[in-house]
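Please read the structure below before turning to the comments.
The values are calculated or read from the model by the stated rules, or taken from the named source; none is laboratory data. Predicted model only: the values in this text are computed from it and were never measured. Here the Cβ is made from the backbone with ideal geometry for all residues, glycine too, and neighbour counts use every protein chain on show.
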Amino acid sequence: MNRTNTTLKRKLTVLLFILILLSTASAGIGVGIYSYQQNVALIENTIQSVQQETQDRTEAFFLILAGAEPSIDLEMSSGLPTISKEIIALHKPVTLITPEDLIPIAERNNVDGIYLINTTGVIFTTTYPGDMGFDLKRVGLESFLQHLMNAGNISLDRAAVNALNGEITKYAYYSQPGSNYIIETSVQLRKALSQTRSQDFNSFLMDEFLPRIQQENPFVLDVDLFSSNTLSQYSLVHEGRKMDPDIYRQACEKGEVRYLSDKNLTVYTHFRPKEKEADYTGNLTSKVVYDVSMPGQILFETAWHTLVILILVTLIAFLVFGRLFDRLILRRLDTLNNGLQQIGEGDYSARIDESGDDEFSQIARELNRMSGLILAREEELKQLNRDQEEIVRQRTAELRQAKEAYELANIKLKMLSGITRHDILNQITGLSGFLDRAMREVPPGKICQYIRECKSIAGIIQNQIQFTQVYENIGTHDPVWQSIREIVQKAIRDIPGNQLILNLELDGILVLADPLFEKVFYTFIENTLRHGDHATHVAVSCEGIGTELVIIYEDNGIGIDEDTKSKIFRKGFGKNTGFGLFIAQEILAITHLTVRETGVFGKGVRFEILVKDGFWKQEHRE
């Protein structure tokens with residue numbers, strides 16, 4: 001062996017010594033452990049017996065308590081309508097009611113707290129400052145509150161532990177018909193039991209019933225029961241005592257956790273009561289503390305007895321097993337070391353001898369498997385590189401489409417500039433002609449007619465110039481991904497005096513279009529307002545056709561007759577400027593989007609925008 005292997009042999013020899021030492025120690029203390037286990041079994045049986053007794057007494061506790069609650073429920077139920085009337089009698093908006101207004105009402109009606117809950121489930125006024133602004137939807141009461149609001153029904157909770165102070169409390173809810181708030185009242189259970197039952201009954205149920213387990217089992221040092229959930233873990237026996245949240249989470253997850261400290265063993269057991277109505281905030285966790293000093297003392301004595309045996313047996317075992325260790329372990333490790341050196345140098349195809357069925361053979365098989373996984377990962381990396389190249393190719397295609405849109409926009413701008421200049425010159429020529437005729441030999445009676453013709457021509461020129469101002473902006477900026485929902489909502493907001501009812505059946509659809517895409521829907525809505533003949537509703541929705549998307553705009557107006565459908569997208573057609581739908585069509589064409597009208601005359605318009613694959617996508621939300 002080389003120097004490295006010699007060092008390894010030395011270390012493994014020390015390891016062998018330690019292993020023999022531990023093995024011998026295990027055998028040496030066997031007798032002591034057996035005795036200890038007998039005592040532990042006794043303790044475990046006692047623990048199981050006490051835990052069962054705790055759960056049995058808990059069930060009885062809840063049954064007795066359930067029989068005592070109806071009288072409290074009756075008093076709370078009868079008091080809620082009275083409290084509601086007194087709140088109404090304050091003659092002020094409910095949102096302006098203060099805790100100072102509620103305190104005397106609570107005192108007169110024998111309740112400890114009054115809470116006012118708004119339609120969103122938030123406590124907006126209460127006599128208990130700690131709950132001000134608390135959102136009851138956080139604890140899963142949203143559907144319960146919605147069902148109760150404005151119904152005139154009274155709902156009573158079973159006794160629960162307050163998450164803020166650990167008091168055992170009962171709650172009742174009521175919403176006066178015609179109101180927009182819910183009244184919640186609370187009473188402390190211990191106080192209510194003292195009023196409806198004798199003080200002895202209250203003391204027996206709340207303070208003595210479960211702790212009697214400790215009195216009847218001298219082995220038990222302490223007994224407690226916690227009403228536990230994610231919000232709080234307060235004691236039902238010792239009011240105000242709280243359990244460690246970390247211990248609660250462990251008990252909830254494992255069912256039972258144990259902590260050994262000095263001479264005491266503390267056992268936490270998580271369970272639900274069998275009595276279905278006894279849902280005191282959902283779950284219960286019992287705590288029982290036991291005295292386990294006797295097994296610990298036995299274990300300590302056994303350790304000293306085995307110390308001498310441990311030393312002698314270790315020396316003998318080391319001499320005997322030293323040779324076997326060298327033959328069975330060190331030589332196999334040398335084989336593994338050589339194989340690992342080849343793998344470390346990058347030869348992942350190297351195979352280590354894995355014959356046999358011992359641990360070294362398993363290690364060799366795992367090393368060979370890891371080498372195979374590395375080779376497979378290399379192939380995965382190559383595939384990932386190919387995927388990235390495909391993404392780059394798709395992005396390049398998008399950029400190429402955008403470039404084509406720019407080129408198309410420039411061609412249209414040049415064409416439009418020529419047409420517009422020619423039209424404007426023609427109108428100016430006509431205007432000049434009318435002005436010349438007005439100045440030369442025109443009877444005074446016809447001057448007004450010529451002036452009206454001149455104003456009409458001037459209006460046409462103004463519309464043409466405004467049209468070129470909008471049209472020249474089409475295609476001047478990069479197309480961007482735009483939310484259909486957002487641009488439709490913005491378009492309908494931008495039209496002053498608009499009273500249309502909008503229905504959006506969209507869910508995170510994005511379209512790659514010119515930044516003027518909003519003007520398309522602005523034009524559709526304006527067209528409905530001008531020509532819809534008393535239209536009141538518009539709707540925007542989407543349909544998929546294969547890999548393409550159809551955006552649909554509809555209203556409930558008069559619609560467009562068949563003779564007019566083929567003309568509405570022409571430049572200059574219409575009762576106003578004649579440019580609106582033409583410009584909308586040009587804006588869509590920048591990213592190869594097309595539009596058509598497919599509505600039925602008499603039932604309303606229906607504009608369909610066809611979006612090709614690659615120009616729309618579903619918005620991803622985290």
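See the values below:
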item	result
Residue list for segment 250-281, filter: out of contact with any strand residue (DSSP E or B) (no Cβ under 9 Å at 6 or more places or on another chain) and at pLDDT 70 or above	Ser261, Asp262
Members of segment 524-550 found to be more than 35 Å from the chain's Cα centre (by Cα), under 15 Å from Arg606 (Cβ atoms) and not hydrophobic (A, V, I, L, M, F, W, C), listed by number	Asn527, Thr528, His531, Gly532
Filter result (among the charged types (D, E, K, R) and free of Cβ contacts under 8 Å to residues at least 60 places away in the same chain) within segment 45-76	Asp56
Of all residues in segment 497-542 being over 24 Å from Asp613 (Cβ atoms) and among the small types (Gly, Ala, Ser), the one that is modelled with the highest pLDDT	Ala539
Test for Ala106: is it within 21 Å of Gln195 (Cβ to Cβ) and part of a helix (DSSP H, G or I)	yes
Residue within segment 61-68 that is assigned by TED's automatic domain parsing to the domain that holds Lys242 and assigned to a loop (DSSP other than H, G, I, E, B) present	no
Every pair of residues 6+ apart whose Cβ atoms lie under 7 Å, when the first sits in segment 344-360 and is among the aromatic types (Phe, Trp, Tyr) while the second is surrounded by 10 or more Cβ atoms within 10 Å (Cβ to Cβ)	Tyr348/Ser371; Tyr348/Ile374; Tyr348/Leu375; Phe360/Arg332; Phe360/Leu336
Count of residues meeting criterion [over 17 Å from Ala491 (Cα atoms) and touching a residue at least 12 places away in the same chain (Cβ under 8 Å)] in segment 547-564	11
Leading residue by the ranking (surrounded by the fewest Cβ atoms within 10 Å (Cβ to Cβ)) among those in segment 95-114 that are over 38 Å from the mean Cα position of the chain (by Cα) and acidic (Asp, Glu)	Glu100
Restricting segment 46-87 to residues that are in contact with a helix residue (DSSP H, G or I) (Cβ under 8 Å, 6 or more places away or on another chain) and of a type in the set (D, E, K, R), the residue that is nearest to Asp112 (Cα to Cα)	Glu75
Residue in segment 91-98 that is outside any helix (DSSP H, G or I), assigned by TED's automatic domain parsing to the domain that holds Thr196 and in contact with a strand residue (DSSP E or B) (Cβ under 9 Å, 6 or more places away or on another chain) present	yes
Residues being touching a Lys or Arg at 6+ places or on another chain (Cβ under 9 Å), farther than 19 Å from Glu167 by Cβ and not β-branched (Val, Ile, Thr) - total across segment 80-113	2
Lone unmet requirement of (1) out of contact with any His (no Cβ under 7 Å at 6 or more places or on another chain); (2) modelled with pLDDT under 70 for Gly32	(1)
Out of Leu221, Leu225, sole residue that is surrounded by 15 or more Cβ atoms within 10 Å (Cβ to Cβ), among the hydrophobic types (A, V, I, L, M, F, W, C) and either over 23 Å from Asn45 (Cα atoms) or modelled with pLDDT under 80 (or both)	Leu225
Wholly enclosed strands (runs of 3 or more DSSP E) of segment 509-560 bearing at least 1 residues among the hydroxyl-bearing types (Ser, Thr, Tyr) and surrounded by fewer than 21 Cβ atoms within 10 Å (Cβ to Cβ)	537-545
Strands (runs of 3 or more DSSP E) wholly inside segment 577-622 that include at least 2 residues being modelled with pLDDT of 85 or more and buried (at least 20 other Cβ atoms within 10 Å of the Cβ)	606-611
